[in-house]
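Please treat every number below as a calculation from the coordinates, not as lab data. All values reported here derive from a predicted model rather than from experimental measurement. In this analysis, Cβ positions are derived from the backbone assuming ideal geometry, glycine residues included, and neighbour counts consider all displayed protein chains.
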Amino acid sequence: MRMLGYALTALCWLPTALLSQSVAQEQTQVLTSDLDVLAFYSHLPQKALDGLPPVSQFVPAIEKTISTGSKATIATLWPYLTTDMADPNPRVRKLAVMGITLVSNRPDGSEFLRQSPKQLLNSLSDDDLGVANEFAFGMRFAGSTLPDPIVAGLSAYLMRSDAAEKAGPSVVTTLLLTRSKDKSLSEGISSFLSRPGRSPAAQIQLLRAVSIPGVDDSIIGVVRNILKTSVDHNVRLTAMIAVDRIGPRARTICAPELQAIAASNTESGEIRTMATSVLSRKRLTATTP
């Protein structure tokens with residue numbers, strides 16, 4: 001059974017008697033308004049519910065319900081969302097994670113995230129990488145209100161030996177966006193980024209993950225080291241793009257490497273052009289320690 005699908009249908013007839021006296025009238029009014037968007041759901045045959053309606057129909061409907069619904073509405077949906085995160089069908093699990101992500105973007109979203117941190121973090125180990133990435137990257141919407149237990153779980157995930165090839169890049173981006181001022185966390189991410197033996201494809205994904213304005217110097221130092229040591233063409237191009245996106249501080253720290261690349265007679269034309277382009281964003285005269 002697809003718990004969330006049935007939940008949305010069930011809300012159409014949710015008895016007022018099941019609601020607390022303090023919110024019964026308000027919730028009933030909001031549900032009536034919210035579920036106007038979901039009217040199609042109550043008319044679907046049982047078989048269609050079991051098979052799950054098309055994503056093109058389902059996602060916009062649930063987005064409106066979760067984004068604009070009352071806190072009482074979300075409280076009703078929350079157990080179904082978390083239950084569907086363990087559904088055998090990966091498509092159902094991904095839709096449930098999308099719903100969780102939408103909740104995290106609400107002003108009261110962190111209140112719900114605090115209720116089920118272990119259950120939510122199980123998504124990081126999902127056999128379907130799409131589900132794991134959806135959860136890891138989606139948590140960024142909570143911003144600085146992302147609960148500490150979830151931050152700790154995301155950080156712990158980076159200790160996995162296969163993290164870089166799985167949801168690691170999404171985890172890194174979310175941690176940097178939600179805890180940008182946490183120096184110890186940035187240093188932990190830097191340690192993760194610096195592990196040897198990464199494939200070029202994994203390095204590229206990780207460089208994209210840290211291409212965020214204003215990241216800590218420890219992370220810029222990792223990018224600088226990749227510029228100095230990598231022999232892979234695409235990795236080096238991505239590293240220079242990362243420098244450019246991180247901003248002036250990164251361009252200053254990486255100036256010696258960029259200047260050497262731009263002046264080299266042995267580098268490819270594409271590599272030299274990229275280095276020159278990044279340098280030209282701002283005239284750099286500072287030297288780095």
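Assign one of three labels to the stretch 165-289, namely rounded, prolate or oblate, based on the Cα gyration tensor with a ≥ b ≥ c the square roots of its eigenvalues; rounded applies when a/c is under 1.5, prolate when it is not and a/b is larger than b/c, and oblate otherwise.
Cα axes put the stretch 165-289 in the oblate bin.
Pull out a ≥ b ≥ c, the square roots of the eigenvalues of the alpha-carbon gyration tensor of the stretch 104-146, then state rounded if a/c is under 1.5, prolate if not and a/b is larger than b/c, and oblate in the remaining case.
oblate
Say each of residue 89 and residue 191 gets a label point 7 Å from the Cα, pointing the same way as Cα to Cβ; how far apart are those two points in nm?
The two pseudo-label positions are separated by 4.3 nm.
Residue separation times 0.36 nm, minus the C-alpha to C-alpha distance between residue 148 and residue 68: what's the value? Please list the in-between numbers first.
Working: separation 80, 0.36 × 80 = 28.80 nm, distance 2.58 nm.
Once the chain is fully extended between residue 148 and residue 68, it gains 26.2 nm.
In the stretch 66-109, which trypsin sites (Lys or Arg not before Pro) are in a loop and have at most 16 other Cβ atoms within 10 Å, using DSSP for the loop call?
Of the trypsin sites (Lys or Arg not before Pro), not one in the loops of the stretch 66-109 has a Cβ with at most 16 other Cβ atoms within 10 Å.
Give me the one-decimal nm value for the distance between modelled label points at residue 231 and residue 199, 7 Å along each residue's Cα-to-Cβ direction.
With each label placed 7 Å out from Cα toward Cβ, I get 2.0 nm.
Determine ³J(HN,Hα), in whole Hz, for all residues of the stretch 236-250 in sequence, where each value follows from phi through the Karplus function 6.51 cos²θ - 1.76 cosθ + 1.60 and θ = phi - 60°; x replaces Gly and Pro.
5, 4, 5, 4, 5, 5, 4, 4, 4, 6, 5, x, x, 4, 5
Of 174, 101, how do they rank once you tally other Cβ atoms within 10 Å and put the fewest first?
In order of increasing Cβ crowding within 10 Å: 101, 174.
Quick one: net charge of residue 238's neighbours, Cβ under 11 Å, K/R +1, D/E -1?
Charge balance in the 11 Å sphere: +1.
Provide the per-residue ³J(HN,Hα) series for the stretch 144-159, in order, calculated from phi with Karplus coefficients 6.51, -1.76, 1.60 and θ = phi - 60°, each as a whole number of Hz, with x at glycine and proline positions.
Here the 3J(HN,Hα) series is 5, 8, 4, x, 4, x, 6, 4, 4, x, 5, 4, 5, 4, 5, 7 Hz.
Going down the table (166/228; 94/228; 118/228; 71/183), which pairs top 31 Å between alpha carbons?
94/228; 118/228; 71/183
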